[in-house]
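So the structure is just underneath, and the comments pick up after that.
The values are calculated or read from the model by the stated rules, or taken from the named source; none is laboratory data. In this text, all values refer to a predicted model and were calculated from it rather than measured experimentally. Because the Cβ atoms are built from the backbone with ideal geometry, glycine has one as well, and the counts that use them run over all protein chains shown.
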Amino acid sequence: MNIGAKSVISLLRPKQKTTTTRIVRSKRWIPSAQLKLGMYVSELDIPWEQTPFMFQGFNIDSQELLEKVQSVSETVCIESEKVATIPSQGGNRLCGAPRKAI
């Protein structure tokens, strides 16, 4: 049996595992009592004009700001980002059905 040079090299070389990195964003409403330092508030349950806050959307970066948000709003919308590392598997897509062979 005659094996070509390309085939021999592919047999000798270990298969490399590849991964794909995705940023997963989530947005959810929580009671303001559950707010913690470091969270990003994107929406309040009242119009921004009726709040003492200068900007619409901000990070909770101090205990004072945390307490102020809790005194003004009962529920808040927070946004978060997580990095997901997904192993790539042959011809499979991250979302949806596997690719069809041509």
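Side notes on the structure shown:
- Residues that are surrounded by fewer than 16 Cβ atoms within 10 Å (Cβ to Cβ) and within 7 Å of residue 32 (Cα to Cα), drawn from the stretch 57-74: 74
- Enumeration of residues in the stretch 13-67 that are among the basic types (Lys, Arg) and in contact with a Pro (Cβ under 7 Å, 6 or more places away or on another chain): 17
- Test: residue in the stretch 63-81 that is in a strand (DSSP E or B), among the acidic types (Asp, Glu) and at pLDDT 85 or above: yes
- Whenever a residue of the stretch 37-58 is polar (S, T, N, Q), its partners that are at pLDDT 90 or above and surrounded by 13 or more Cβ atoms within 10 Å (Cβ to Cβ), lying with C-beta atoms within less than 6 angstrom and at least six residues away or across chains, give the pairs 42/57; 42/77; 42/79; 51/72.
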